[in-house]
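The values are calculated or read from the model by the stated rules, or taken from the named source; none is laboratory data. It should be emphasised that the depicted structure is a prediction, and the values quoted were computed from it without experimental measurement. Glycine gets a Cβ as well: all are built from the backbone with ideal geometry, and neighbour counts include every protein chain shown. Each accessible area value is taken on the protein alone, full model and side chains, heavy atoms only, with ligands, DNA and RNA left out. Shrake-Rupley method; radii C 1.70, N 1.55, O 1.52, S 1.80 Å.
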Amino acid sequence: MSERVIEDADFFLEESHLSVYQWAIQNGQVDAPSLAREFDFDLDTAVSVVEALRDRNFLFLDGATLRPHSPAVAMAHVVGPIEAEVQHCRLRLSEIRSKLSHAARLSDVPVSGTAGMEIIGDLHAVRSEVTRLTEEAEKEITVMHPAVPPERIAVEGSLRTEQALRRGVSVRSLYPHACLGHRYMHKYLDEMTGSGMEVRTNTGIPNQVIVFDGETALVSTGAPEEGGGALVLRQRELIGVLHCFWEALWDTGAPYSTVQESRYEDTKQRIRADILRMLEAGLSDREIAQRLSVSVRTLGRHISELYEDLGVRSRFQMGSRARQLGWLEGTGSLSPALV
């Protein structure tokens, strides 16, 4: 994007310039001496601000009087060039993808790696590929997340997901139970399920995997904060195995609820049941916290409350008592004290 377009957008977003523009709208006109008195500027600064606003089409000369453009017109001057450059970039992307797709059709040999498999090592390239495959999906996209995604990643994903849903593509997503403990995830999931996405939560999700139309799968090879890449799979046999595993997790997962009361109770029940199972499996507190996407301190609070609710003094006794009650086998229900 050109430096001038970025400069104009940054200029308008500065609080001082926005305040001057709003003041000009309220007064219907503006001049440097009045501006200097209102904002306690020296005259040279006031003249500079007025010239900058006029240069960027926020002000226009009406005879001998400077007046502010309406917010709609001002916004068009700021946003218009940005939208034009974005559109230009989209056209260039479409052209590049078209040429590369044509090259791919001319050869059955993948660029690198074993037949049907490729590695994308750059996070930005992975996101670009996810966007492309989402745009080209026709039937179904299935996703599983091993951890709670950061808020910015959830927002970014929502834009792609909504576009797919509007085209009639089925989208089903699996998240860890711990996602129910984050407010921004409730907001995101409420919006997505309202648009038609199906969501379930489960434990033991091993990796991030996205399958497009049962034909292409992306398997994460590292965390985003580590610059993680992805393994691209196109072998139907491998994708079939992944899909069977995904369906097993989906079938045993709990449907996401938008009802406040039920999801509050379910969240603690599921998270604490997961904690008990992982403690019995011998995982450390840090490992359990990472799998649940919670802090070690939060995990410690859950464990302390489990000690008290079960009336035990050791983790061995905790596991034994939980098994007696059927919690680890799924034959019992957590007591009201745990919610």
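Things worth noting here:
- The lone exception for THR142 - which of (1) assigned to a helix (DSSP H, G or I); (2) touching a residue at least 40 places away in the same chain (Cβ under 8 Å); (3) more than 14 Å from the chain's Cα centre (by Cα) it fails: (1)
- Residues considered: GLY194, GLY253. Of these, the only one that is open to solvent by 20 Å² or more (accessible area, probe 1.4 Å) and either farther than 13 Å from VAL143 by Cβ or in contact with a Lys or Arg (Cβ under 8 Å, 6 or more places away or on another chain) (or both) is GLY194.
- Selection from segment 11-47 of residues that are loosely packed, with under 15 Cβ neighbours inside 10 Å, under 41 Å from the mean Cα position of the chain (by Cα) and not in a loop (DSSP other than H, G, I, E, B): LEU13, GLU15, SER16, LEU18, SER19, GLN22, GLN26, PHE39
- Taking segment 158-191 as the range and being in contact with a strand residue (DSSP E or B) (Cβ under 7 Å, 6 or more places away or on another chain) and assigned to a helix (DSSP H, G or I) as the test, the residues that pass are THR161, ALA164, LEU165, HIS177, CYS179, LEU180, LEU189.
- Yes/no for VAL155 being at pLDDT below 80 and either over 16 Å from ILE210 (Cα atoms) or not in a helix (DSSP H, G or I) (or both): no
- Verdict on ILE239 being in contact (Cβ under 8 Å) with a residue 60 or more places away in the chain and either buried (at least 16 other Cβ atoms within 10 Å of the Cβ) or not small (Gly, Ala, Ser) (or both): no
- Subset of segment 202-251 (residues that are closer than 19 Å to ASP274 by Cβ, outside any loop (DSSP other than H, G, I, E, B) and at pLDDT below 90): ASN202
- Restricted to segment 281-330, and to residues there that are among the hydroxyl-bearing types (Ser, Thr, Tyr) and in a loop (DSSP other than H, G, I, E, B), the residue that is surrounded by the most Cβ atoms within 10 Å (Cβ to Cβ) is SER293.
- Listed conditions (1) more than 26 Å from the chain's Cα centre (by Cα); (2) loosely packed, with under 11 Cβ neighbours inside 10 Å; (3) in a helix (DSSP H, G or I) are all met by ALA74, apart from (2).
- Close Cβ contacts (under 9 Å, 6 or more residues apart or on different chains) running from residues in segment 50-61 that are open to solvent by 60 Å² or more (accessible area, probe 1.4 Å) to residues that are of a type in the set (Gly, Ala, Ser) comprise GLU51/ALA32; ASN57/ALA74; ASN57/ALA76.
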